[in-house]
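Data first, discussion second: the structure below is written as structure tokens.
The values are calculated or read from the model by the stated rules, or taken from the named source; none is laboratory data. Because the structure is a prediction, the values reported are computed rather than measured. Here the Cβ positions follow ideal geometry from the backbone for every residue, glycine too, while neighbour counts run over all protein chains shown. These area figures cover heavy atoms from the full protein model, side chains too; ligands, DNA and RNA do not enter into them. Shrake-Rupley method; radii C 1.70, N 1.55, O 1.52, S 1.80 Å.
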Amino acid sequence: CADTAMYHAKDSGRGNRQFYQPGMDASAKDVLQQERLLREAIAEGAFVLHYQPQIRLADGSLQGFEALVRWRHPERGLVGPNEFITFSESRGLITPIGRWVMHEACRQLKAWQDEGLAMVPVAVNLSALEFRQRDVAGELAAVLHATGLQPQFLEVELTESVLMHQTGQVLETLQAIKTLGVGVAIDDFGTGYSSLAYLKRYPIDKLKIDRSFVTDTPQSTDDVAIVTAIIQMGRSLQLQTIAEGVETPAQMDLLRQLGCDLIQGHAISPPMDAEAAHAWLQSHAAATRGQ
Ligand code: C2E
Ligand code: MG
Ligand code: MG
Ligand code: MG
């Protein structure tokens with residue numbers, strides 16, 4: 001695989017990252033090229049955040065934004081996170097990207113708040129590796145201080161894989177995040193580890209029902225059953241529920257009937273760049289005033 005080839009290339013190159021041999025296959029060269037481009041992107045700050053609104057079903061009010069990173073690739077245009085986050089992790093390059101995301105999301109939300117827009121939290125995604133490797137609570141505190149954003153306007157999205165490790169360190173970090181006043185959401189809920197014990201062990205605020213359970217509703221009775229169960233469990237455990245990837249009015253109707261608190265998805269808006277999100281905020285504010 002390309003990754004193994006890359007390690008060999010690095011070993012034989014004795015740390016020279018540009019090194020490759022004529023016999024090396026194209027995919028290994030691609031990996032080197034990709035890593036070089038990614039390093040340049042980090043140095044130049046060639047990333048952007050897109051923002052996707054989260055809406056309360058009961059009244060249509062804005063309740064938050066999720067920040068989603070994109071890479072402004074010199075040849076390929078805007079590249080989505082699924083194409084470079086895992087790669088960044090394997091090259092040891094995720095930390096500077098993750099730090100930039102956190103800072104930029106807080107800076108942007110604070111700027112909107114200073115204009116009287118978006119008095120709602122922004123959510124940032126943290127991969128399991130980032131959660132393990134970085135001093136997440138310390139960094140959150142520092143970025144809140146640096147940007148002047150109040151902690152109740154920041155949320156982190158973690159996947160279940162973070163929580164399946166029953167280490168004291170996970171609990172300690174989550175408690176530290178909670179003490180700061182920053183929210184915790186479980187992303188892609190239902191797709192990860194099957195034990196639900198962590199829901200009572202850890203201080204969690206929100207369950208994000210994975211898009212894969214939402215997509216085929218209301219037609220799929222199995223998926224309706226799963227979504228129903230998650231919403232009921234969330235309510236019993238006093239966790240907010242938010243459905244991801246909501247695309248149709250029929251899905252919105254179903255989720256409203258089931259008592260899901262929030263939704264996020266193309267039915268409301270796709271993720272938008274900062275400029276489009278700003279315009280969206282202004283028209284949303286105007287529409288809300290008009291109610
Ligand atoms: P996620 O956190 O579950 O984010 C939701 C993904 O679903 C986003 O894809 C979003 O664009 C997409 N989406 C939202 N609404 C709809 C919809 O109605 N229909 C469909 N088909 N898709 C919808 P995106 O932006 O490509 O992000 C993919 C994943 O990359 C994210 O999944 C998240 O796990 C990860 N990611 C994004 N930004 C970051 C980041 O800054 N750091 C880390 N570590 N991971 C990130
Ligand atoms: Mg997310
Ligand atoms: Mg998700
Ligand atoms: Mg997802």
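Which angle from 0 to 90°, rounded to the nearest 10, does the C-alpha axis of helix 249-258 make with the longest principal axis of the chain?
Around 60 degrees separate the two axes.
Amide H neighbours of residue 63 under 5 Å, at least 5 residues apart or on other chains, H built in the peptide plane: list them.
Correct list: 54, 55, 56.
Run down the lysines and flag those whose C-alpha is under 27 Å from the C-alpha of residue 29, throwing out any fewer than 8 positions away in its chain.
10
What are the residues whose amide H is under 5 Å from the amide H of residue 272, where those residues sit 5 or more places off or on another chain and H is modelled from the backbone?
It is 51, 52, by chain and number.
Amide H neighbours of residue 207 under 5 Å, counting only residues 5+ apart in sequence or on other chains, H built in-plane at 1.01 Å?
186, 240, 241, 242
Kindly report, to the nearest 10 Å², the accessible surface of residue 179 as traced by a 1.4 Å probe over protein heavy atoms only.
Residue 179 exposes around 120 Å² with every protein chain in place.
Please report, in debye to the nearest 20, how large the charge dipole of the chain is about its Cα centre when each Lys and Arg carries +1 at its beta carbon and each Asp and Glu carries -1 there.
580 debye
Taking the Cα centre of segment 127-278 as the origin, how large is its charge dipole in debye, to the nearest 20, when only Lys and Arg (+1) and Asp and Glu (-1) carry charge on their Cβ atoms?
The dipole magnitude comes to about 580 debye.
Using the heavy atoms of the protein chains and a 1.4 angstrom probe, tell me the accessible area per residue for the chain in square angstrom.
Accessible area per residue: 48 Å².
Which angle from 0 to 90°, rounded to the nearest 10, does the C-alpha axis of helix 274-289 make with the longest principal axis of the chain?
Value to nearest ten degrees: 0.
What percentage of the solvent-accessible surface of the chain, computed with a 1.4 Å probe over protein heavy atoms, is contributed by carbon and sulfur atoms?
Answer for the chain: carbon and sulfur cover 51 percent of the accessible area.
Could you give the angle, 0 to 90 degrees to the nearest 10, between helix 221-236's Cα long axis and the longest principal axis of the Cα atoms of the chain?
80 degrees
Could you tell me what percent of the DSSP beta bridges with both partners in segment 50-164 are antiparallel, to the nearest 5?
Percent antiparallel among DSSP bridges in segment 50-164 is about 60.
How much of the DSSP beta bridge set in the chain is antiparallel, as a percent to the nearest 5?
Counting only bridges with both partners in the chain, antiparallel ones make up about 45 percent.
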